[in-house]
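Enquirer: There's a structure below that I have some questions on.
Just so it is clear, none of the values below were taken in a lab; they were calculated from the coordinates. Everything numeric in this text was worked out from a predicted model, so none of it was measured. When we count neighbours, we look across all protein chains shown, and the Cβ atoms used for this are built from the backbone with ideal geometry, even at glycine.
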């Protein structure tokens, strides 16, 4: 089984510990070659990014002179095609030619020997046999893009600006943020990759776990597209004719991670599909239920969302996140409290209460009838009733709310 599983090391892939005698000799040779290019120091790698004698693996190169042959493979394996000179973010320089064998094809697995240094000469990569599949996102972009241009036995330098190294964050504790790197790579072996051959369940489980962990590494660094790519590769490794319990559990984890990455990329439809795929395997997976409930609520499918959230709460009654989501959803679904039908809308003139219209005038008329003709002459006309002030009388007990 071990022979079928890639032997790539987790990132960072530099080997810890002190190098042996042979490794020290290789490092001395590496530094002699580096000194022949440009001395590490305050100037750093900047002169190398502008120097001649390098091939650019990204961007565009200047057009060939008139009368030259059309596009053809160069010595370093890249194609001579029109490119502008200003893009020199990933460069290659052949140190020793290969043995003439075929270059790695898509999906094949490679083993390389790697040494890598910072601008100040500090060695941050040292791996005598790093194994990976180019295009799977298991190593930095400089190696992903550079190694497929090599032949077995070839030794080449790869000069990488930070987008093709460890990016803006760098790699704690040894690679600073936005650090360019210089790699010396020897292509040792090329063979068919693990995806091209049937693997036993134990090997599939190991390979899927490795790729999922790599996706977690990318996710933690904020590279959500690379994380999603690794999670999908993990799902591919976990697919097979047999479905054991451990494989199903790993698939659910990968699908949940896919949903999280899709959400970070603002692709809610794809995230919802990943949640539903996870729930088809494990209907009582709390994380998938919670996330699907949140997504359904975003799409206005409140009744379905509430069912998912209540089921998730049954599985994890102590979850504050589920409580908050469910409370927010229930509050949104509840109709507003019934207002007093007699209460006027804001900005409208309040209609007079039926029992109030003309009441002061009628009361005054009644008092006038009791008290004599002179008092009846004091009663205001009915059309003035809303503005008239009734005569002072003994205070009455407060009226109940809603009464005239």
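Enquirer: Assuming a ≥ b ≥ c are the square roots of the Cα gyration tensor eigenvalues, decide whether segment 275-329 counts as rounded (a/c under 1.5), prolate (otherwise, with a/b larger than b/c) or oblate.
Expert: Oblate is the answer for segment 275-329, as a/c is 1.5 or above yet b/c matches or exceeds a/b.
Enquirer: Continuing with this model, one more query. Give me the number: length gained by fully extending residue 244 to residue 32, i.e. 0.36 nm times residue separation minus the C-alpha to C-alpha distance, one decimal in nm.
Expert: 71.0 nm is the gain from fully extending residue 244 to residue 32.
Enquirer: Which value in nm describes the separation of the simple spin-label points at residue 202 and residue 25, placed 7 Å from the Cα toward the beta carbon?
Expert: Using points 7 Å along Cα→Cβ, the separation is 3.8 nm.
Enquirer: Would you work out if segment 179-231 is rounded, prolate or oblate? Take a ≥ b ≥ c from the square roots of the eigenvalues of the alpha-carbon gyration tensor; rounded if a/c is under 1.5, else prolate when a/b is larger than b/c, oblate otherwise.
Expert: oblate
Enquirer: Pull out the extension gain between residue 276 and residue 307, defined as 0.36 nm times the separation in residues minus the alpha carbon to alpha carbon distance; nm, one decimal.
Expert: Values: separation 31, 0.36 × 31 = 11.16 nm, distance 1.42 nm.
That pair, residue 276 and residue 307, stretches by 9.7 nm at full extension.
Enquirer: Could you calculate the contour length gain from residue 97 to residue 324, that is, 0.36 nm times the residue separation minus the distance between their Cα atoms, to one decimal place in nm?
Expert: 75.4 nm
Enquirer: Sticking with this one: Determine the relative contact order of segment 201-333: mean sequence separation of Cα pairs under 8 Å and six or more apart, normalised by residue count, in whole percent.
Expert: 16
Enquirer: Which FRET efficiency, nearest 0.05, do residue 46 and residue 232 yield, Cβ-Cβ r, R0 41 Å?
Expert: Efficiency, rounded to the nearest 0.05: 0.60.
Enquirer: Something else: What percentage of all Cα-Cα pairs in segment 201-333 are separated by more than 23 Å?
Expert: 36
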